[in-house]
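As structure tokens, the structure follows; a few thoughts come after it.
Every read-out reported here was derived from the displayed coordinates using simple, explicitly stated rules and does not represent laboratory data. Quick caveat: nothing in here was measured; it's all calculated off a predicted structure. Note: ideal-geometry Cβ built from the backbone for every residue, glycine included; neighbour counts use all protein chains shown.
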Amino acid sequence: MAKVKSNGDDHWLARPENIRLVWWLFIAVLVATVLSDLAVEHKPKFGIDGTFGFAAWFGLLSCVALVAFAKALGAILKRPDTFYDG
Amino acid sequence: MADFLIPPGLALIAAGLLVPMVQGRARSVLLLAAPLLTLWLIWQVPDGVVLSFEFMGYVIAPVEGDALSRLFATIFAIMAFGGGLFSLNRDNPTELSAAFVYAGSAISVAFAGDLITVFVFWEIMAVGSTIVVWCGGGEARRAGLRYAAIHLLGGVLLMAGIAGEIGATGSTEFRAMQPDSIARWLILAGFLINAGAPPLSAWLPDAYPEASWSGMVFLGAFTTKTAVYVLLRGFPGTELLIYVGLYMVFYGIVYAILENDIRRLLAYAIVSQAGFMVSGIGIGSEIALNGAAAHAFVSIIYMAVLVMSAGSVLYMTGKRKCTELGGLFRTMPLTCVCAIVGALSISSFPLTAGFVAKSMIPQGAADENLMIVWILLAAASAGVLFHAGIKFPWFVFFQKDSGLRPDDPPWNMKAAMVLFAFFCIALGVYPELLYALLSSPVDYVPYTGAHVVFQLQLLLFSGLAFFLMLGWLKSTMTITLDFDWFYRGLGRALQREFQIKGSAAWAAFADRTYRAVVRFLETVYRHHGPQGVLARTWPTGSMAFWITLLLGAYLIAYYL
């Protein structure tokens, strides 16, 4: 449980230039997965799932919708975490 | 095998009761050997009723084997082993003893051939798990009481339902039903409460996180998955379960997105995972039921990894809030890697256990042409990655540098995490190992190009969404109100609301009562006190006068 003050960019993963590199790698992988839609044979069941890069845009939009909904709900139902104490 | 000897669940329960009686190395041996022995016993149980007897005119079949029973009993025993290993350095024999009794009861439910046996071990599970919660100390005392109250309610519903069912059919046999009578609805309600279904889901994130760092590892595995097992056995293809399951999935995701406490976040993830299984049971086709069973099996494994890693962080730092943690990857690399494996697995990344199991449920929805259900399940898969797959490891191990520099936990905790992380990968790479255990033959190929690409796109772009919206996701020191407000907050809110008027009314009432009492006492004093009429000394003559008068009146009355 040693509590040592961080001495700046101690770890290679914490350095800004490496974080930037990870981002570029991530974007490259994203592009690659969308493009690989062209390479595999799809058997769309409902029509909508046959659109190009369906899972990509659907996943992204689902998450945006979920977070938006969660934020709206949170605006009503969030309380300080000491709400039930005392 | 004809010469069947010991019911596996009872063996583990007996071992649990032995735990407090042994110490040191002997206890460690017991904690590791008992689940393995139980596992061996489980695999000696053949198909069909093995043990049955008559009790008060009812046929009781405590051990009835088939593939589904063995599947659930197997994972329960493996989990008891993993939990035992993780808890070797937990110096609390009460908790470990209760945890093993709880696990043994879960195995007994999995082998129960009749409803009475189901009920008996259902209740022992409730008792065992409540004790495990209580062993967390502090706030766990009150949380455990609330937990017990909800489970006793579930037990009452279940018992009423079972009594009605036996009364109506005359048979104690536990078989597939449809909710077409009040008794069966009650049974279904009792089962669903334990699964974490609405509206009472809040018992789970309320109680589990308050258990100790080791206790939650056991809690996360048995109650909800036993409920999934009895739903699979009792109510396959009940359409209502599709919607109940979907509600649970999205409830878990949305509340987890808002949650700050990592252990409560994982508790919500348990509800949302159970939701996938419940909706699979509702779809009811062979592939969906297989998917629900397989998903229960693997979700125990990866939830164990996640809960163990959160437990390790709690054990080493004493902290469990996103706002207090961060940057732990530097000094807890092994815990971090295991958590990531568990996180990938819960998100169903290819080559992990989640991928080969969970995707059978949406496949079942697609085969049945349930388009809306399929779309919602796909959105939910994205949401799972979002809240459990990324949020948990990101806020604990990366995010900001919290300045904390804890080491990885002791060897046994590391060993348990690595073992279960290994299972996650092994089942993802060799799904045949899992498929061979399922009750119906699996005609499903997880690794097709289209499926892998679909899943990678879905998950990676959800990941992108997470990092794009990181600013929105900043954890706050808050909780989110839930149904439990009705039994935790309503009374207090009413009290606050009526406090002023109530206290004025009480004061007036007390004042009036006081004055009435004083008046009464004054009257008594006036008549009986030293100066009172009735307390005076009366002369003898006046008594003689009154007696004469009375006798005279009597004589007149007599002659009249």
- Note on the structure: Other residues with Cβ under 12 Å from the Cβ of A:PHE83 give, with Lys and Arg +1 and Asp and Glu -1, a net charge of 0
- Query: How fast does chain B diffuse by Stokes-Einstein, in µm²/s, taking the Kirkwood radius from C-alpha pairs at 20 °C and 1.002 mPa s?
  - Reply: 83
- Order these peptides, B:330-343, B:533-546, by their mean beta-carbon neighbour count within 10 angstrom, highest first. B:330-343, B:533-546
- Using Cα atoms only, what is the angle between the long axis of helix B:240-258 and the major principal axis of chain B, expressed in degrees (0 to 90) to the nearest 10? 90
- Task: Could you pull out every residue, at least 5 positions away or on a different chain, whose amide H is within less than 5 Å of the one on B:ASP114? Hs are placed 1.01 Å off N in the peptide plane, and Pro or chain starts have none.
- Result: B:ALA61, B:PHE174
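Hey, fewest Cβ within 10 Å first, where do B:TYR435, B:TYR487 land in order? Show your work: numbers first, answer last.
Values: B:TYR435 19, B:TYR487 15.
Listed from fewest to most nearby Cβ atoms, that is B:TYR487, B:TYR435.
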- Query: How large is ³J(HN,Hα) for each residue in region B:366-372, as worked out from phi by the Karplus curve 6.51 cos²θ - 1.76 cosθ + 1.60 (θ = phi - 60°), to whole Hz, x for Gly and Pro?
  - Reply: 5, 4, 8, 6, 8, 5, 4
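When Cβ neighbours within 10 Å are restricted to other protein chains, what is their mean count per residue of peptide B:392-401?
Details: counts 0, 0, 0, 0, 0, 0, 2, 0, 1, 7.
Per residue, the average neighbour count from other chains is 1.
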- Query: If you wrap a convex hull around the Cα atoms of the protein assembly as shown, how much volume per residue is inside, in Å³?
  - Reply: 272
- Note on the structure: Which residues qualify? For B:SER212, with a placed amide H closer than 5 Å and at least 5 residues away or on another chain, they are B:GLY136
- Message: Amide H of B:PHE483 versus every other amide H placed in the peptide plane: which residues, excluding those fewer than 5 positions away on the same chain, fall under 5 Å?
- Response: B:ALA202
- Computed label-point distance, nm, for sites A:ALA32 and B:VAL22 using a 7 Å Cα→Cβ extension: 5.1
- Query: If the chain between B:LEU490 and B:LEU351 were fully stretched, how many nm would it gain, using 0.36 nm times the residue separation less the Cα-Cα distance?
  - Reply: 45.3 nm
- Task: For peptide A:32-42, compute the average count of partner chain beta-carbon atoms within 10 Å of each residue's beta-carbon.
- Result: 4
- Once both label points are put 7 Å beyond Cα along the C-beta direction, the B:LYS474-B:VAL29 separation in nm becomes 5.7
- Query: What average count of beta carbons from other chains do you get within 10 Å of the Cβ of residues in B:459-469?
  - Reply: 6
- Query: FRET efficiency for B:ARG515 and B:GLN44, Cβ-Cβ distance as r, R0 = 60 Å, nearest 0.05?
  - Reply: 0.15
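Using r as the Cβ-Cβ distance of B:TRP538 and B:TRP506, and R0 as 41 Å, what FRET efficiency do you calculate, to the nearest 0.05?
On the way: r = 47 Å, r/R0 = 1.14.
So, using R0 = 41 Å, E works out to roughly 0.30.
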- Item | Ordering of B:357-366, B:310-319 by packing [mean C-beta count within 10 Å, highest first] | B:357-366, B:310-319
- Query: Each residue of region B:527-537 in turn: what ³J(HN,Hα) in whole Hz from Karplus with 6.51, -1.76, 1.60 and θ = phi - 60°, glycine and Pro shown as x?
  - Reply: 7, 10, x, x, 9, x, 4, 7, 9, 6, 7
- Item | Karplus (6.51, -1.76, 1.60) ³J(HN,Hα), θ = phi - 60°, over region B:90-96, in Hz, Gly and Pro reported as x | 8, 8, 9, x, 4, 4, 5
- Message: On alpha carbon coordinates alone, what is the Rg over Rh value for region B:1-132, Rh being the Kirkwood radius?
- Response: 0.99
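Mind giving me the FRET efficiency for B:GLU522 and B:TRP185? R0 is 41 Å, r the Cβ-Cβ distance, nearest 0.05 is fine. Display every interim value, and only then the final one.
Details: r = 63 Å, r/R0 = 1.54.
Step by step, r from the Cβ atoms, then E = 0.05.
Helix-only mean residue ellipticity at 222 nm, chain B, DSSP H runs n ≥ 4 weighted -39,500 (n - 2.57), per residue, nearest 500. What is it? Display every interim value, and only then the final one.
Details: 23 runs with 386 residues, N = 560.
Calculated from helices alone, the mean residue ellipticity at 222 nm is -23000 deg cm²/dmol.
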- 18 Å reach of a label modelled at A:ARG79, 7 Å along Cα-to-Cβ, counting backbone N of region B:466-498: B:476-498
